[in-house]
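Chemist: The structure that follows is given in the form of structure tokens.
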Amino acid sequence: MWENYDIREINLDSPGEVESVRAFLAAFDLTFTATVDYTIALYQNNEMIATGSLAGEVLRNIAVAPQMQGEGLTADVVSRLIQQAGQRGIYHYFIYTKPSAAPMFSALGFKELARSEPHAILLEAGIGSIDEYCREISRKVEGLPSGPRAVLVVNCNPFTLGHKAVIAKAAQDNQAVVVLVVSEERSLFPFAVRLRLVREGLAEFSNILVLPAGKYIISAATFPGYFTRGEATVIAQTRLDATIFARYIAPALGVTRRYVGEEPYCATTGSYNDALADILPQYGIGLETIPRITVGGKVISASQVREFIRQDNWPAIKELVPDTTYKYLISPEAQPVLATVKAVDSRH
């Protein structure tokens, strides 16, 4: 009887259809957000018995009704999501799920990357893997000076004097520094612009290499809560991201220290720093927390720069950013980005 079911693509613009998926997932203590690209549901006698969604490379919100579990529906949902991903030119996949579900996805060919008990586990499959990513970044740092090497992971939305001060401290303390710029396109300043401004702002340093962070650091797969408010899973995500960094990425880069800026405002980033402080030493990696520099008694932050952009307060902006960032901000090229910043009140 279980084979007699209908497969339907959920209309993500239909509040009623979205609510039916949300209600089904609630029974599994799973939430449904509007950030997915594609959702399917399986129905039997007009009753939902399974569902799954695709968000970029991430297969998520996969659930099967209790009375139907063990009947192969999970494999069917995953197969159909992978088929849809292929139609979108995506051939590498992540699954972010609960640890108890890991054996089921492992049986489907997914490899575990990291887990945060009892909350979450991250697995991957398809073309490309974290091993290939690590080999690639390892090649890129071969030309750096030998000796103590540190790393920073930054979003820089946009690049400020605060970011520069923390990175400069790392460059002073170490023979070489790798700066990884978050690649996820969830910020008001596009990734290409953020990467460029970091590189231009640090051009004076001969021992710093700036690289894209890629999909294994603060991405929609490893850390979706970084880009949203009020996520109950932030602790799990911070620990997953920190574990992946410590287990795979730090050894590939040859780094033994990670620098972060003190975070007085953003609770999510503060939780992330706490996770790093707990996990990195377990892998022999030191964590250096650097006090943020201030102007007029206030900590320099990218969010403050964005607020001054909304106010058209250019004298204040100039005090907070390097000349390279300021020159970009006042250029015609930046006008579409500035319009977006003014139109959206976003933490990122």
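Chemist: Output yes when any residue across region 26-49 is closer than 19 Å to Tyr216 by Cβ, open to solvent by less than 50 Å² (accessible area, probe 1.4 Å) and touching a helix residue (DSSP H, G or I) at 6+ places or on another chain (Cβ under 8 Å), and no when none is.
Modeler: no
Chemist: Looking only at region 89-109, which residues are open to solvent by 20 Å² or more (accessible area, probe 1.4 Å), in contact (Cβ under 8 Å) with a residue 24 or more places away in the chain and assigned to a helix (DSSP H, G or I)?
Modeler: Met104
Chemist: List the strands (runs of 3 or more DSSP E) that sit entirely inside region 24-83 and contain at least 3 residues that are under 27 Å from the mean Cα position of the chain (by Cα) and within 21 Å of Ala107 (Cβ to Cβ).
Modeler: Once the strands (runs of 3 or more DSSP E) in region 24-83 are filtered for at least 3 residues that are under 27 Å from the mean Cα position of the chain (by Cα) and within 21 Å of Ala107 (Cβ to Cβ), what remains is 47-55, 58-64.
Chemist: A further question follows. Hey, any hits in region 71-88 for a residue that's at pLDDT below 90 and open to solvent by 20 Å² or more (accessible area, probe 1.4 Å)?
Modeler: yes
Chemist: List pairs: first in region 20-34 and under 23 Å from Pro118 (Cβ atoms) and polar (S, T, N, Q), second at pLDDT 90 or above and surrounded by 12 or more Cβ atoms within 10 Å (Cβ to Cβ), Cβ under 8 Å, 6+ apart or cross-chain?
Modeler: Matching pairs, first to second residue: Thr31/Arg22; Thr31/Leu25.
Chemist: Where in region 135-227 are there strands (runs of 3 or more DSSP E), lying wholly inside it, with at least 1 residues that are open to solvent by 10 Å² or more (accessible area, probe 1.4 Å)?
Modeler: Fully inside region 135-227 and qualifying: 149-154, 208-212.
Chemist: Going by the structure shown, is Ala334 among the aliphatic types (A, V, I, L, M), modelled with pLDDT of 95 or more, open to solvent by 20 Å² or more (accessible area, probe 1.4 Å) and not in a loop (DSSP other than H, G, I, E, B)?
Modeler: Taking the combined requirement at face value, the residue does not satisfy it.
The values are calculated or read from the model by the stated rules, or taken from the named source; none is laboratory data. The structure displayed is predicted, hence computed values, not measured ones. So basically every Cβ, Gly included, is an ideal-geometry build from the backbone, and we count neighbours across all protein chains shown. Just so you know, the surface numbers come from the protein's heavy atoms only, side chains and all, with ligands and any DNA or RNA stripped out. Shrake-Rupley method; radii C 1.70, N 1.55, O 1.52, S 1.80 Å.
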